[in-house]
Amino acid sequence: MKNILVIGGAGYIGSHTVNLLKKSGYNPIIYDNLSKGYKDVAEILNVKFIKGDLGDRKKLKEVFEKENITAVMHFAAFIEVGESVQEPAKYYENNVVKVTKLLDQMVESGVKNFIFSSTAATFGEPVKDKIDETHQQLPINPYGKSKLMVEKILEDYDTAYGLKSVVLRYFNASGSDKDGIIGESHIPETHLIPLILQAASGKRESIKIFGDDYPTKDGTCIRDFVHVYDLAKAHILGMEKMLKENKSLNYNLGSGEGFSVKEVIEKVKEVTGKDFKVETVEKRAGDPAVLVANSEKAKKELGWEPEYSLEEIINSAWKWENNRRY
Ligand code: UDP
């Protein structure tokens, strides 16, 4: 059984990937500093847990010496666009400096397979309707820039040290485990779907739309929502191809369909049967108007097919919202 070190495995996308890895016959080991993640994930999913920081080379060295790690998946990033504009230093330190420490330790310890969570935010303002892997990468916020920097570092580390990577550029990760066992929980929550659901459940007074004069059909931003288990599946497929072919790969992961903020709010009302207050406020800094993926490459090369619709995403997230432990 292959051991996969999942850094940030106690967090949102990490924990769903750990769950799927286990179900797919791998032995995932969670490595997490618990700054954002939840320790009970390891107990619930019955996997080994190591408390450690992404940038702690000594600790990582010990782990690589002790466990026979086939590949490292990295989910321990800061991910908030708005915060990254306000506090760029925090983003460059965690998302770039610490990642190079991890990569350096991997190279030193001879662990040469890496799966990297990148983002649609590396592209900036789209110049075509659906963003494929050949689209220009001109990020407009520090979050996207920090992820693009690592993409570039990975190219150089492959050339110089033979470190192979799969770069997965997520569009809007959303939804939760359909049994409501694990789910999305950020403190503070900044993501659209959980915030709307909190308005639906009465935990929040209203949902605020960040700007309604974007150049889109209803003036609100358009995003491509992809279920967290569809993303998790792409990690496994991408890792298997990298291991088999010993080459670096990159894929854009989205459903290929865009929904406006207003449409998502309407869909939540429909799925939950709840009504709630909707307000329009100022735009949030760093938000492109439209981000929709073209994921044909992942479909063709990995046989990846996203299975969950927006409705199923909202349904699963609603189930978690009503059962959440944190
Ligand atoms: N958004 C919003 N109100 C909120 C949170 C988000 O209108 O309370 C908008 C945000 O401006 C963006 C979209 O919803 O256009 C998705 O934002 P989110 O933070 O969920 O993901 P991102 O696209 O930044 O990764």
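The values are calculated or read from the model by the stated rules, or taken from the named source; none is laboratory data. All values derive from a computational prediction rather than experimental measurement. Cβ sites come from the backbone with ideal geometry, for glycine too, and all protein chains shown count toward neighbours. What goes into the accessible areas is simple: the full protein's heavy atoms, side chains included, and nothing from ligands, DNA or RNA. Shrake-Rupley method; radii C 1.70, N 1.55, O 1.52, S 1.80 Å.
Scan region 174-191 and tell me whether some residue there is aliphatic (A, V, I, L, M), closer than 26 Å to Phe75 by Cβ and within 10 Å of the ligand (Cβ to nearest atom). Don't jump to the end; show me each part of the working.
Of all residues in region 174-191, those aliphatic (A, V, I, L, M) come to 181-182, 187.
Now restrict to residues that are closer than 26 Å to Phe75 by Cβ: 181-182, 187.
Then drop every residue that is not within 10 Å of the ligand (Cβ to nearest atom), which leaves none.
Looking for residues that are aliphatic (A, V, I, L, M), closer than 26 Å to Phe75 by Cβ and within 10 Å of the ligand (Cβ to nearest atom), one finds none in region 174-191, hence no.
Condition test on Ile182, is it closer than 24 Å to Leu21 by Cβ and part of a loop (DSSP other than H, G, I, E, B)?
yes
Could you please give the count of residues in region 87-99 that are crowded, with 18+ Cβ neighbours inside 10 Å and within 16 Å of the ligand (Cβ to nearest atom)?
Final tally of qualifying residues: 2.
Considering only residues of region 267-291 that are among the basic types (Lys, Arg) and near the ligand (Cβ under 10 Å from one of its atoms), which is farthest from the chain's Cα centre (by Cα)? I'd like the intermediate steps shown before the answer.
Of the residues in region 267-291, the ones among the basic types (Lys, Arg) are 267, 269, 274, 277, 283-284.
With the extra rule that they be near the ligand (Cβ under 10 Å from one of its atoms), the set shrinks to 283-284.
Numbers: Lys283: 23, Arg284: 20 Å.
Looking at residues that are among the basic types (Lys, Arg) and near the ligand (Cβ under 10 Å from one of its atoms), I get Lys283.
For region 157-208, enumerate the residues that are aromatic (Phe, Trp, Tyr) and open to solvent by 40 Å² or more (accessible area, probe 1.4 Å). Even if it seems obvious, please write down each step before you answer.
To start, the set of residues in region 157-208 that are aromatic (Phe, Trp, Tyr) comprises 157, 161, 170-171.
Hit for region 157-208 is Tyr161, nothing else.
Can you tell me which of Ser117, Ser84 is part of a strand (DSSP E or B), crowded, with 17+ Cβ neighbours inside 10 Å, in contact with a Gly (Cβ under 9 Å, 6 or more places away or on another chain) and of a type in the set (Gly, Ala, Ser)? Steps first, answer last, please.
Numbers: Ser84 fails: part of a strand (DSSP E or B).
Being part of a strand (DSSP E or B), crowded, with 17+ Cβ neighbours inside 10 Å, in contact with a Gly (Cβ under 9 Å, 6 or more places away or on another chain) and of a type in the set (Gly, Ala, Ser) holds for just one of Ser117, Ser84, which is Ser117.
Tell me, which residue of region 214-233 that is more than 8 Å from the ligand (Cβ to nearest atom) and charged (D, E, K, R) is most open to solvent (accessible area, probe 1.4 Å)?
Lys217
So if I check each of Lys283, Lys274, Lys262, which one is at pLDDT 95 or above, closer than 15 Å to Cys221 by Cα and part of a loop (DSSP other than H, G, I, E, B)? Give the steps one after another, and end with the answer.
Working: Lys274 fails: closer than 15 Å to Cys221 by Cα; Lys262 fails: part of a loop (DSSP other than H, G, I, E, B).
Step by step, each of Lys283, Lys274, Lys262 is checked, and only Lys283 is at pLDDT 95 or above, closer than 15 Å to Cys221 by Cα and part of a loop (DSSP other than H, G, I, E, B).
Provide a single number: the residues in region 204-246 that are assigned to a loop (DSSP other than H, G, I, E, B), among the basic types (Lys, Arg) and within 25 Å of the chain's Cα centre (by Cα).
Within region 204-246, the first condition is being assigned to a loop (DSSP other than H, G, I, E, B), and the residues that meet it are 204-205, 211-221, 224, 246.
If we keep only those that are among the basic types (Lys, Arg) too, we end up with 204, 217.
After this cut, where a residue has to be within 25 Å of the chain's Cα centre (by Cα) as well, the list is 204.
Adding up the residues that qualify gives 1.
Any idea which of (1) within 11 Å of the ligand (Cβ to nearest atom); (2) open to solvent by 40 Å² or more (accessible area, probe 1.4 Å) is the one Gly211 doesn't satisfy?
Every condition holds for Gly211 apart from (2).
Of all residues being closer than 19 Å to Glu296 by Cα and at pLDDT 95 or above in region 128-138, which is surrounded by the most Cβ atoms within 10 Å (Cβ to Cβ)? Just the residue, please. Let's see the steps before the verdict.
Of region 128-138, the ones closer than 19 Å to Glu296 by Cα are 128-137.
Within this subset, residues satisfying the condition of being at pLDDT 95 or above are 130-137.
Working: Lys130: 19, Ile131: 26, Asp132: 14, Glu133: 18, Thr134: 9, His135: 19, Gln136: 12, Gln137: 18.
If we take residues in region 128-138 being closer than 19 Å to Glu296 by Cα and at pLDDT 95 or above, then Ile131 is surrounded by the most Cβ atoms within 10 Å (Cβ to Cβ).
Here are some conditions: (1) without any contact (Cβ under 8 Å) to a residue 60 or more places away in the chain; (2) surrounded by 22 or more Cβ atoms within 10 Å (Cβ to Cβ); (3) aliphatic (A, V, I, L, M). Val271 meets all but one. Which one does it not meet?
If we test Val271 against (1) without any contact (Cβ under 8 Å) to a residue 60 or more places away in the chain; (2) surrounded by 22 or more Cβ atoms within 10 Å (Cβ to Cβ); (3) aliphatic (A, V, I, L, M), just (2) comes out false.
Please state which of the following conditions Phe78 fails to meet, knowing it meets all the rest: (1) surrounded by fewer than 21 Cβ atoms within 10 Å (Cβ to Cβ); (2) in a helix (DSSP H, G or I); (3) among the hydrophobic types (A, V, I, L, M, F, W, C); (4) under 15 Å from the mean Cα position of the chain (by Cα).
(2)
Looking only at region 234-258, which residues are surrounded by fewer than 22 Cβ atoms within 10 Å (Cβ to Cβ) and touching a helix residue (DSSP H, G or I) at 6+ places or on another chain (Cβ under 9 Å)?
Ile236, Leu237, Glu240, Lys241, Lys247, Ser248, Leu249, Asn250, Gly256, Glu257
Restricting to region 100-114, name every residue that is crowded, with 18+ Cβ neighbours inside 10 Å and either among the polar types (S, T, N, Q) or farther than 17 Å from Ala160 by Cα (or both). Reasoning before the result, please.
The initial filter retains those residues of region 100-114 that are crowded, with 18+ Cβ neighbours inside 10 Å, namely 102-103, 105-106, 111-114.
Of everything in region 100-114, those that are crowded, with 18+ Cβ neighbours inside 10 Å and either among the polar types (S, T, N, Q) or farther than 17 Å from Ala160 by Cα (or both) turn out to be Gln105, Asn113.
Need the failing condition index for Glu151 against (1) surrounded by fewer than 19 Cβ atoms within 10 Å (Cβ to Cβ); (2) within 30 Å of Thr272 (Cα to Cα); (3) not small (Gly, Ala, Ser), just the number.
(2)
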